[in-house]
1. Taking only complete DSSP H runs, can you tell me which helices of the chain stretch 18 Å or more along their own long axis by Cα positions and average at least 1.6 on the Kyte-Doolittle scale?
2. If the chain between Leu128 and Ala53 were fully stretched, how many nm would it gain, using 0.36 nm times the residue separation less the Cα-Cα distance?
3. Gain in length, Ala7 to Ala99, computed as 0.36 nm per residue apart minus the alpha-carbon separation, to one decimal in nm?
4. Rounded to the nearest 20 Debye, what is the dipole magnitude of the chain about its Cα centre when Lys and Arg each give +1 and Asp and Glu each give -1 at the C-beta?
5. Give me the number: length gained by fully extending Val115 to Ile77, i.e. 0.36 nm times residue separation minus the C-alpha to C-alpha distance, one decimal in nm.
6. Need one number: nm distance between label points at Ser89 and Asp39, each 7 Å from Cα along Cα→Cβ, rounded to one decimal.
7. Over all directions, how big on average is the projection of the convex hull of the alpha-carbon atoms in region 1-71, in square nanometres?
8. Using +1 at the Cβ of each Lys and Arg and -1 at the Cβ of each Asp and Glu in the chain, identify which of Gly23, Ile77, Leu116 lies farthest towards the dipole's positive end.
Amino acid sequence: MNKNDIAKVILRVVLGFTFFIHGLVKFQGGIANTAGYFDSLGIPGFMAYAVAAIELLGGLAMILGIGTKIVGILFAIIMIGAIFTAKLSLGFLGNGQMAGYELDLILLAASLYFVLADRSVLSVDHKLAQKG
């Protein structure tokens, strides 16, 4: 194991934790509120349930290193959707009342990293590939 492997694990765990917490908050804050917000953006409200579930379960999977490429794709789709439907009009840093798309952009970049990167040696994916 080298420094790149350690850095990859740190990024994977932080990315997974960030999405997990965002998904958890959507459910704790009342998923119906999130569904209403989605509706106000022109996105079908039921998509809030899918996004929250992907963030919650995908966050756990990313932390453990299970299906990181697939989860990375799902996270990237969510971030592209968030940027173009909710954040782009606010600008990079926001409008003083709401955050801009800077966080969404870094989460998108980190997600795409895991789509393109090799498996981490410290992941369930790597352990499963060794057995196969």
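1. Values: long enough: 3-28 (37 Å, 0.90); 47-64 (25 Å, 1.98); 68-82 (20 Å, 2.23); 102-116 (21 Å, 1.92).
Sorted by number, the helices that extend far enough and score high enough are 47-64, 68-82, 102-116.
2. This chain segment gains 24.6 nm when fully extended.
3. Working: separation 92, 0.36 × 92 = 33.12 nm, distance 2.75 nm.
Additional length available on full extension: 30.4 nm.
4. On the way: 9 positive and 7 negative charges, 83 e Å.
For the chain, the charge dipole is close to 400 debye.
5. Details: separation 38, 0.36 × 38 = 13.68 nm, distance 1.18 nm.
The span from Val115 to Ile77 would gain 12.5 nm if fully extended.
6. According to this spin-label approximation, the distance is 1.9 nm.
7. Averaged projected area of region 1-71's Cα convex hull equals 5.1 nm².
8. Of Gly23, Ile77, Leu116, it is Leu116.
Only the coordinates and a few stated rules stand behind these numbers; no lab work does. If you're wondering where the values come from, they're calculated on a predicted model, not measured in any experiment. We place every Cβ from the backbone using ideal geometry, glycine too, and count neighbours over all the protein chains shown.
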